[in-house]
Amino acid sequence: MAITTMAMKRISYKNIASPKGFKATGIHCGLKHKKKDLALLVSEVPASVAGVFTTNAIKAAPLLVTKDVVYQTGKMQAIIVNAGNANACTGKQGMADAYTMQKLTAEKLGIDLNLVGVASTGVIGELMKMDPVTEGIKQLDPVDELEGAMSFSQAIMTTDTVTKNTSYQTMIDGKEVIVAGTAKGSGMIEPNMATMLGFITTDANIESEHLQSALKSITDVTFNAITVDGDTSTNDMVIVMANGMAENETLTPEHPDWENFVQTLHIVSQELAKMIAKDGEGATKLIEVEVKGAITDAEARKIAKTVVGSPLVKTAVFGNDANWGRIIAAVGYSGATLDPNAITIHIGTSKVVEKGEPVAFSEDDLIVYLKQPEVKIFVDIHQGDGQGTAWGCDLTYDYVQINATYRS
């Protein structure tokens, strides 16, 4: 999907409470040693909701609760989020704890139980410490100011090194509509889906059915186009809430401003996805792999994700090594249809392979390029019109150190 930025503009005060009618907050309740670990996002009115969830066969208790809200209720007014404990693989007690978090939040806000989602992130296989969560929910006081939104984005972090926020505005029916998002994710990132929580808010007026359709198509080329380490987690979700408070005419695919909305949702999702890839545990560089000339767009995305997910490609980028052999090898085992004698590869602007054969290039120039914080790899398969892009990061010594001591 080509993104036309003329129909939208970035909002400088990038936060999830930017759309009308949304409030957020985050506090330290005691699940983590010192950092904020409990967050709440609330809409003034019940919002249309859409969600995409991990494809891992093992799904955490809070994810199951939220999935029911999305698919059975079709509306959501609040979501309670904790960091420090995934509440995954915790059996009947884990389900009971997730339902308790839902119930306590509903009572706190005076809203229906089935309008509350639950999300958790952290260590798998440990029962939730419910006493600090119970007391923490009582203390939550969401606001529609930047401070509350920033506290929310801080409280959902695990090994993230930075918060991830973005916000854009577009026009629908002559009215200003805002789409904003925040996310967490740093390791175990191999979507469909990944160790990632994404929350997107908008004041657009749209029914859940059409919101779900838009989110699903966008997710395939954004959140599902990133990888850090090939691991898929048990908790991960992206939730979009649309409360209609911009008061535009109801959006449908037939609405003249439908593309404005979809492209704004797309750019918010893409920016959050790239922020996650860039903040991979221990990462020093964002890697973007763009593929064209594949049989289909899906095959192009498959090649791109295979290359950006290759440990050998990732370590070569970390070491500033222009080892294009690792790139073409990953293209070859991607499973896509290709002709080895038709492949062209560029690293940055330097062509390193043409028609499957090496091309002379300046090693010194490429070393300088590979030292940049963002590295782009281009692959042309010359088999069709399919195009796709994926994002990831380099693999560093720090990644091993972080994950070797995660529970310490």
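The values are calculated or read from the model by the stated rules, or taken from the named source; none is laboratory data. Values in this document were obtained by computation on a predicted structure and should not be read as measured data. Methodologically, a virtual Cβ is constructed for each residue, glycine included, from the backbone with ideal geometry; neighbour enumeration extends over all protein chains shown. With ligands, DNA and RNA removed, areas are computed over all heavy atoms of the protein, side chains included. Shrake-Rupley method; radii C 1.70, N 1.55, O 1.52, S 1.80 Å.
Does S151 satisfy the condition of being in a helix (DSSP H, G or I), small (G, A, S) and either in contact with a strand residue (DSSP E or B) (Cβ under 7 Å, 6 or more places away or on another chain) or open to solvent by 20 Å² or more (accessible area, probe 1.4 Å) (or both)?
Criteria met by S151.
Just name the residue that is farthest from P19 (Cα to Cα) out of those in region 36-73 that are among the basic types (K, R) and outside any helix (DSSP H, G or I).
K59
Only one of E288, E357, E374 is open to solvent by 50 Å² or more (accessible area, probe 1.4 Å) and under 30 Å from T161 (Cβ atoms); which?
Answer to the check: E374.
State whether one or more residues within region 250-260 are among the acidic types (D, E), outside any helix (DSSP H, G or I) and in contact with a strand residue (DSSP E or B) (Cβ under 9 Å, 6 or more places away or on another chain).
Yes, there is a match, as at least one residue in region 250-260 is among the acidic types (D, E), outside any helix (DSSP H, G or I) and in contact with a strand residue (DSSP E or B) (Cβ under 9 Å, 6 or more places away or on another chain).
Could you grab me the full set of residues in region 118-147 that are assigned to a helix (DSSP H, G or I) and either at pLDDT below 95 or not small (G, A, S) (or both)?
Answer for region 118-147, where residues must be assigned to a helix (DSSP H, G or I) and either at pLDDT below 95 or not small (G, A, S) (or both): M130, D131, P132, V133, T134, E135, I137, K138, Q139, L146, E147.
Kindly evaluate T100 against the criterion of being modelled with pLDDT of 95 or more and under 27 Å from A17 (Cα atoms).
Against the criterion (modelled with pLDDT of 95 or more and under 27 Å from A17 (Cα atoms)), T100 qualifies.
Among the residues in region 38-52, are any closer than 12 Å to S120 by Cα and not aliphatic (A, V, I, L, M)?
no
Tell me yes or no: at least one residue of region 303-326 is under 20 Å from the mean Cα position of the chain (by Cα), in contact (Cβ under 8 Å) with a residue 60 or more places away in the chain, part of a helix (DSSP H, G or I) and surrounded by fewer than 22 Cβ atoms within 10 Å (Cβ to Cβ).
Checked region 303-326: no residue is under 20 Å from the mean Cα position of the chain (by Cα), in contact (Cβ under 8 Å) with a residue 60 or more places away in the chain, part of a helix (DSSP H, G or I) and surrounded by fewer than 22 Cβ atoms within 10 Å (Cβ to Cβ).
Tell me yes or no: at least one residue of region 35-45 is more than 25 Å from D173 (Cα to Cα) and open to solvent by 60 Å² or more (accessible area, probe 1.4 Å).
For region 35-45, residues more than 25 Å from D173 (Cα to Cα) and open to solvent by 60 Å² or more (accessible area, probe 1.4 Å): present.
Among the residues of region 48-57, are any open to solvent by less than 10 Å² (accessible area, probe 1.4 Å) and closer than 27 Å to D131 by Cα?
No, region 48-57 contains no residue that is open to solvent by less than 10 Å² (accessible area, probe 1.4 Å) and closer than 27 Å to D131 by Cα.
Here are some residues: C29, C89. Which one is of a type outside the set (A, V, I, L, M), touching an Asp or Glu at 6+ places or on another chain (Cβ under 8 Å) and open to solvent by 10 Å² or more (accessible area, probe 1.4 Å)?
Answer to the selection: C29.
Here is a list of conditions, (1) closer than 24 Å to A47 by Cα; (2) open to solvent by less than 10 Å² (accessible area, probe 1.4 Å); (3) of a type outside the set (K, R), and L113 meets all of them except one; can you say which number that is?
Result: L113 fails condition (2) only.
Any idea which of V69, V123 is hydrophobic (A, V, I, L, M, F, W, C) and open to solvent by less than 10 Å² (accessible area, probe 1.4 Å)?
V69
Per-residue answers, yes or no, for (1) part of a loop (DSSP other than H, G, I, E, B); (2) within 16 Å of P373 (Cα to Cα); (3) open to solvent by 20 Å² or more (accessible area, probe 1.4 Å):
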| residue | (1), (2), (3) |
| --- | --- |
| M275 | no, yes, yes |
| T284 | yes, yes, yes |
| R301 | no, no, yes |
| V331 | no, no, no |
| T337 | yes, no, yes |
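Filter region 384-394 for residues that are open to solvent by less than 80 Å² (accessible area, probe 1.4 Å) and modelled with pLDDT of 95 or more and give the result.
G384, G386
Being assigned to a strand (DSSP E or B), farther than 21 Å from T284 by Cβ and modelled with pLDDT under 95 is the filter here, so list the residues in region 358-383 that pass it.
Scanning region 358-383 gives a single hit, P358.
Any chance you could count how many residues in region 1-26 are modelled with pLDDT of 85 or more and open to solvent by 40 Å² or more (accessible area, probe 1.4 Å)?
Count: 4.
Output the number of the condition that N235 fails; it satisfies all remaining conditions of (1) within 30 Å of G125 (Cα to Cα); (2) assigned to a loop (DSSP other than H, G, I, E, B); (3) at pLDDT 85 or above; (4) touching a Gly at 6+ places or on another chain (Cβ under 6 Å).
Of the numbered conditions (1) within 30 Å of G125 (Cα to Cα); (2) assigned to a loop (DSSP other than H, G, I, E, B); (3) at pLDDT 85 or above; (4) touching a Gly at 6+ places or on another chain (Cβ under 6 Å), the odd one out for N235 is (4).
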